[in-house]
Structure formats: structure tokens, C-alpha cells
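Accompanying notes for the structure given below.
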Amino acid sequence: MTTSRSLLFVSVLAAATALMACAPADGESSSAGLPKGRVDAGALQSSVKGEATGQSCVDCHGADGNQPLDPTYPKIGGQYEDYLGHALQQYRSGQRDHLLMSNQAQGLTDQQIADLAAFFASQPSQLSDLSGVY
Ligand code: HEC
């Protein structure tokens, strides 16, 4: 190997190592800083009635997150896990506020949020973007 080629090899190796260091440690969500979500636990949690309204996640969003009780309620099935985790953290902290949704997230622990995010993310998606609409 010539000097320049071995220098290139070392640089690529260093870059790959640096990228690996940025990856989340095993068992952590990538950006929401949550523990690893468990789909089965999330499925159970999604049917637990909230104290504030007496309704569960699936009562309002549908069993798979895709049959909202009201057409103005968002579909959350198949949404990115991190997005769901962030949204629930924001409702819990008050950074995001909504009359119906905020109190649903109030009592949730980080683990419960992670589990719910994992469960709804694992469901089929009906989400779409606006490409081709205009
Ligand atoms: C009483 C009805 C109701 C219940 C119960 C409910 N939600 Fe919601 N949810 C809503 C409404 C309405 C919105 C839209 C709020 C807004 O515009 O910010 C929403 C928004 C959300 C969002 C944000 C979606 C997006 O695209 O940004 C997530 C995530 C979510 N709910 C998850 C849950 C989970 C998990 C539970 C159970 C812990 C739950 N919801 C319980 C009505 C409900």
C-alpha cells in the first residue's frame, strides 16, 4: 500500500469509528433519550384508561392508531417511533399543549412513553406526504 492509500484507509477507519461512537448505546432510543420501547408492553399500555378522561389511547386513536374516534384526531399508527416519543414527552412537559391530549401524557413514565411509541410505530402506516398532490 502506498503512503497516500494507507493514509486514506486510516482516515476512513477513523471516520467509521467516530460514526459508531455517535450511534445510540444499545437499549436507548436514538434521539428522544428514552429507554428501549417494548411493543408488547406498549400494546397493553395503549388500552389503560387515563385518570383524567377515563379514555385510553386506543379509545381515541383506534386499536392500531389508525381509526381515530374523530376525523380531526391524528393517525399515529406506523409513525416514526422517535416522533411519537418526542410528541408524548412534549405533551407531558407542556411544551406541546392540547386540551384532550396533554393530560393523557401527564402521568406517563419514560418507559411507558417508549413502550407506547414502539407499539404504535410497529402498526401499519396510513401516513402519506403531499408528493403528487399538486
Ligand atoms: C380523548 C382523546 C385522546 C386520547 C385518550 C389520547 N389521545 Fe392522543 N391525541 C388526541 C388528539 C385530539 C390529538 C391532536 C392534538 C394536537 O393537535 O396537538 C392527539 C395527538 C397525539 C399525538 C401526536 C400526533 C402527531 O401527529 O403529532 C400522539 C403521539 C398521541 N396523541 C398519542 C397518544 C397516546 C400514546 C395516548 C394514550 C396514552 C393518547 N394519544 C390518548 C386525542 C387523544
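Quick note: the coordinates plus some simple rules give every number you see, no bench work behind them. None of the values given here were measured: they were computed from a predicted structure. Backbone-built Cβ (ideal geometry, glycine too); neighbour counts: all protein chains shown.
Each label point was placed 7 Å from the Cα along the Cα-to-Cβ direction; for residue 99 and residue 41 their separation is 3.4 nm.
For residue 110 and residue 67, compute 0.36 nm times the residue count separating them, minus their Cα-Cα distance, and round to one decimal in nm. It would help to have the intermediate numbers written out before the result.
Numbers: separation 43, 0.36 × 43 = 15.48 nm, distance 2.54 nm.
So the extension gain works out to 12.9 nm.
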